[in-house]
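Heads up, the thing below is written out as structure tokens.
The values are calculated or read from the model by the stated rules, or taken from the named source; none is laboratory data. Bear in mind that the values here come from a model prediction, so they are computed numbers and not experimental data. Here the Cβ is made from the backbone with ideal geometry for all residues, glycine too, and neighbour counts use every protein chain on show.
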Amino acid sequence: MEIITYNIWDLPLWFVRNRKKRLLEIARYLVERGTDIICLQESWSLEYRRALSEYMRAHGYHDAIHQAGIKRGNGGLLTFSKFPIVSVRFIPFGRRAFAVSEIIGNKGALETNIETPRGLIKVINTHLHYSPSTIIETASVRLRQLRTLFAAIKNEGDMPTVLAGDFNEHDMVNEKQFERLFAKEGFVHHAPSEMTPTYRAENPLVNNWINRIVTSRQYDYILTRQIEKSGLNVRSYGPLYLTPVLSDHDPVSILLS
């Protein structure tokens, strides 16, 4: 069972390059790869979100947003599954993010309960706060958002759970505050201890006037909790470096078997 998280850079802004072509190529890539569960972030445009959903449904995927009837206010999140979707819930983070774009975007988490061949699994797709400000301590905002999410699922700690998305926190699992929070909530990160970039300086979609960075960053992650209860273990985990690149972020894959 493969799960992929992917920030697809579908911002409805003038500087986003080749949006329509890239999104179609992303959908084709995921379908041809045969990925079982897909968590997408930054699917902001209603037009392209609808086109993506129609394409994926035509290729046998269930669409969490379509099934739940959520068209707006879903934080730019899309989740697709080859397996039947039992229930869907959007958990908003609130509007205390200090950035106008974040308030308009209504960031949150998309919780999808999926009936897999190994039983019911909860998949949480999220996109945490980002601000270019050096004055405001944005890590504290991301920690608060995670606590909001964990409070919403506190009565479901025994359910096998996958938490995936763009966390906007560089090398997050080695940051003590995040490490302590994940340990308290029972979430495990399966990557090697060294940083594996998912937002790379050499990516041509990053190397432009508005996105340019000097040092590559690791922002995208997949964590699990209690998946062993489904008889599953992590077989492989890490970013996928596509050629050509299709977004300013790299997709991250976890393979469970």
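Where strands (runs of 3 or more DSSP E) sit wholly within the range 192-257, those with at least 3 residues that are touching a residue at least 60 places away in the same chain (Cβ under 8 Å), out of contact with any helix residue (DSSP H, G or I) (no Cβ under 6 Å at 6 or more places or on another chain) and over 19 Å from N18 (Cα atoms) occupy 220-225, 252-256. Counting the residues of the range 1-56 that are outside any helix (DSSP H, G or I), in contact with a strand residue (DSSP E or B) (Cβ under 8 Å, 6 or more places away or on another chain) and of a type in the set (A, V, I, L, M) gives 9. Which residues, taken from the range 147-162, are under 13 Å from A109 (Cα atoms) and not in a strand (DSSP E or B)? The answer is R147, T148, L149, F150, A151, A152, I153. Can you confirm whether R217 is at pLDDT 85 or above, under 19 Å from P251 (Cβ atoms), among the charged types (D, E, K, R) and within 20 Å of the chain's Cα centre (by Cα)? Considered against the rule, which asks whether it is at pLDDT 85 or above, under 19 Å from P251 (Cβ atoms), among the charged types (D, E, K, R) and within 20 Å of the chain's Cα centre (by Cα), R217 comes out as yes. Of the residues making up the range 31-63, just one is crowded, with 19+ Cβ neighbours inside 10 Å and either without any contact (Cβ under 8 Å) to a residue 12 or more places away in the chain or at positive phi (or both), namely E42.
A search for C-beta distances below 7 Å between a residue of the range 150-168 that is without any contact (Cβ under 8 Å) to a residue 40 or more places away in the chain and any residue that is not basic (K, R), counting only pairs 6+ apart in sequence or on different chains, returns F150/E185.
Counting residues in the range 187-197 that are farther than 27 Å from L24 by Cβ and of a type in the set (G, A, S) gives one or more. Reported count of residues in the range 181-191, each being assigned to a loop (DSSP other than H, G, I, E, B) and either among the acidic types (D, E) or closer than 18 Å to G157 by Cβ (or both), is 2. Do we find that A27 is farther than 29 Å from R200 by Cβ and at pLDDT 95 or above in this structure? Criteria not met by A27. Is it the case that E179 is modelled with pLDDT under 95, within 12 Å of L223 (Cα to Cα) and surrounded by fewer than 19 Cβ atoms within 10 Å (Cβ to Cβ)? Judged against the criteria, E179 is a match.
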